[in-house]
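Report on the following structure.
Nothing in this text is a laboratory measurement; each read-out follows from the coordinates by a stated rule. What you see is a predicted model, and the numbers here were worked out from it, not measured in a lab. Glycine gets a Cβ as well: all are built from the backbone with ideal geometry, and neighbour counts include every protein chain shown.
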Amino acid sequence: AQKITQTQPGMFVQEKEAVTLDCTYDTSDQSYGLFWYKQPSSGEMIFLIYQGSYDEQNATEGRYSLNFQKARKSANLVISASQLGDSAMYFCAMRAGRVSGGYNKLIFGAGTRLAVHP
Amino acid sequence: EAGVTQSPTHLIKTRGQQATLRCSPISGHTSVYWYQQALGLGLQFLLWYDEGEERNRGNFPPRFSGRQFPNYSSELNVNALELEDSALYLCASSLRGKDEQYFGPGTRLTVT
């Protein structure tokens, strides 16, 4: 079964510090994709970063980086130099593969609420 | 470049009625996805349309249906509304063959 697990319901971080949001996944597919989205209180899901299962290098997008450890099935999001505007819900998601029949649908974790304190 | 747009922003219906939600993808994107974010249930995949056809469907009853138009915009219809259909409905789009899905602002459906 495909599953995304985010074990941290809530996290606090001081402004300008780095924070790591945990994500583990379970899949029997060889080809899959991993995503992180940010959802502010307005409700819109903002795409942050993507990692393909065959990508050897960890993905980076500005202050966001994805710490991809395939053997451990983890895809943690690292936010460097936190800003007050980073306060939001963060969702880890997986694009299931064709073999499992879940082709192209995203499976989401329960989310982590991040609060950035001044 | 305009992002994914959804209308209406809010929709209030009574139980048993039908709701129609609309989505316009990013220009050049041919795939449209619908997700439901209900309180306590998280984000769940509903439907995927590409090139006008339904390609994949989540674990939802048949009263959830939709279509994709020749201009790639999409419509989600929910018939015989139930109280538990109250949720934020998010639409996403992607380029053909690409994994990245970009979401719209959502339609908040309230069923009373």
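If contacts are Cα pairs under 8 angstrom and at least 6 residues apart, what is the relative contact order of chain B in percent?
With pairs under 8 Å counted, the relative contact order is 37 percent.
What value in Å³ per residue do you get for the convex hull of the alpha-carbon atoms in the range B:1-56?
Taking only Cα atoms, the range B:1-56 has a hull volume of 118 Å³ per residue.
Inside 10 Å of the C-beta atoms of A:104-116, what's the mean count of C-beta atoms belonging to other chains?
The shielding value for this peptide is 4.
Among the lysines, which fall within straight-line cross-link reach of B:Lys98, defined as a Cα-Cα distance under 17 Å, with same-chain neighbours fewer than 8 residues apart omitted?
Reachable lysines: A:Lys105.
With a cap of 14 neighbouring Cβ atoms within 10 Å, and only residues DSSP puts in a loop, list the trypsin sites (Lys or Arg not before Pro) found in the range B:11-112.
Sites meeting the loop and neighbour criteria: B:Arg15, B:Arg63, B:Arg96, B:Lys98.
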